[in-house]
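To start, the structure itself, in structure tokens.
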Amino acid sequence: MITESKVGSRIRTYREKLEMSVYDLATKSGIDEKLVNAIEKGEVLPALGVLTKLSRALGQRLGTFMDDQFKPDPIITRAEDLEAVKVQSEGKNILGYASHSLALGKPDRHMDPFRIEFAADGVDELSSHEGEELIICIAGEVELTYGNDRHVLKPGDTAYYNSVVKHGLKALGGKPASIYGIVFMPF
């Protein structure tokens, strides 16, 4: 399992390799400079949208900042392992959701699949980035904001969309919810 400090230190390492200042990275990614600093110091685990923008600004795949080790194909994630991680609150961020990568150890991947657990009182923050996303609601109800439209997804419902349009997700009804999400970003 990767920790907040590893994500931040990896971002700092790639930023320094490119001889970029924190200000340069913030400007290029569109992320607030204070937030970039907090992420690099390990004080904040970035939401997926923020990490996506930082990875693009650094010219890296999203998984570059999340993978800890190489595993041979196929990468299999057992349900009981996800439940164990859920109990430990891996990846919980300030928006109130926890994301669990389903492809850790596959450095040559072109998609980034996740299981995402939304807290009942999570915040819906809109983001946009290159690529496409597929989400599959597996528990609870999730509200997808896509541009100016809002859509309610129930278990079994899916949404596939272009990620350049501002979008965000949150649990509805004062209850937690979870989805599988797959992010594809062309390189």
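For GLU40, GLU117, GLU130, GLU125, what ranking results if the residue with the fewest other Cβ atoms within 10 Å of its Cβ goes first?
Details: GLU40 22, GLU117 26, GLU130 14, GLU125 17.
By the 10 Å Cβ count, ascending, the order reads GLU130, GLU125, GLU40, GLU117.
Can you sort ASP32, ASP124 from fewest to most other Cβ atoms within 10 Å of each residue's own Cβ?
Ordered by Cβ neighbours within 10 Å, fewest first: ASP32, ASP124.
What percent of all Cα-Cα pairs in region 4-65 falls into each 10 Å bin, going from 0 up to the bin containing the maximum distance?
Bins of 10 Å from zero give 26, 68, 6 percent of pairs.
Hey, fewest Cβ within 10 Å first, where do SER101, SER128, SER178 land in order?
Details: SER101 25, SER128 17, SER178 22.
Lowest to highest Cβ neighbour count: SER128, SER178, SER101.
So, in nm, how far is label ALA119 from label LYS166 when the simple model puts each one 7 Å beyond its Cα toward the Cβ?
Result for the modelled spin labels: 2.4 nm.
What ranking, highest mean first, results for peptides 46-58, 164-176 when packing means the other Cβ atoms within 10 Å averaged over each residue? Before the final figure, lay out each step's value.
Values: 46-58: 22.9, 164-176: 16.4.
The packing order, highest mean first, is 46-58, 164-176.
Using a 10 Å cut-off on Cβ atoms, rank the peptides 21-28, 155-162 from the highest mean neighbour count down. Present the calculation step by step, with values, prior to reporting the outcome.
Numbers: 21-28: 16.0, 155-162: 13.0.
In descending order of packing, they fall as 21-28, 155-162.
Readers should treat all values here as calculations from the given coordinates under stated rules, not as data from a laboratory. Remember, it's a predicted structure, so these values are computed and weren't measured experimentally. Positions of Cβ are generated from backbone atoms using ideal geometry, with glycine treated the same way; all protein chains shown enter the neighbour counts.
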